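Beneath this line is the structure, given in structure tokens, with notes to follow.
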Amino acid sequence: MKNKRVSSPDLASAAAKILHDKNASNVAKSLAGSVLSQANKGNETGKEMEKVASDVLKSNKYSAETKSLAGSVVSQSEKAR
């Protein structure tokens, strides 16, 4: 079943900037890639990326921007998990 939730244009734009930022962390870039894959396509978050996003949201070491990406990724995951 196709996911009806998609990343917002503003968040997708922020994700694209993160992917081009050489100082962005690997975690931020992974989340950004996931957000972009869910923009306008209805792709669903994979189990592994859902775990990464969940860990980011629980941690105090990530920026608000990275947590925003993580929140989007988690919101587009399978509800049954």
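Between GLU48 and ALA64, 0.36 nm times their residue separation minus their Cα-Cα distance comes to what?
Numbers: separation 16, 0.36 × 16 = 5.76 nm, distance 2.12 nm.
Using 0.36 nm per residue and subtracting the Cα-Cα distance, I get 3.6 nm.
On a 23 Å Cα-Cα criterion, which of the cross-link pairs LYS22/LYS47; LYS47/LYS67; LYS22/LYS61 come out too long? Before the final figure, lay out each step's value.
Numbers: LYS22/LYS47 27 Å; LYS47/LYS67 18 Å; LYS22/LYS61 19 Å.
LYS22/LYS47, as the Cα separations exceed 23 Å there.
What residue among ALA64, ALA32, ALA16 has the largest mean-square fluctuation in a Gaussian network model of the chain, using Cα springs under 10 Å?
Evaluated over the chain, the most mobile residue of the options is ALA64.
For the stretch 9-75, take N as its residue count and report Rg(C-alpha) divided by 2.2 N^0.38 Å.
Dividing the Cα radius of gyration by 2.2 N^0.38 Å gives 0.98.
Pick out which of GLY33, GLY46, GLY71 has the largest mean-square fluctuation in a Gaussian network model of the chain, springs linking Cα atoms closer than 10 Å.
Checking each option, the largest mean-square fluctuation is seen for GLY46.
Per residue of the stretch 62-72, what does 6.51 cos²θ - 1.76 cosθ + 1.60 with θ = phi - 60° give for ³J(HN,Hα)? Whole Hz please, x for Gly and Pro, Karplus curve as stated.
9, 6, 4, 5, 5, 5, 5, 4, 4, x, 5
Bear in mind these aren't lab numbers, they're just calculated from the coordinates by the rules spelled out. What you see is a predicted model, and the numbers here were worked out from it, not measured in a lab.
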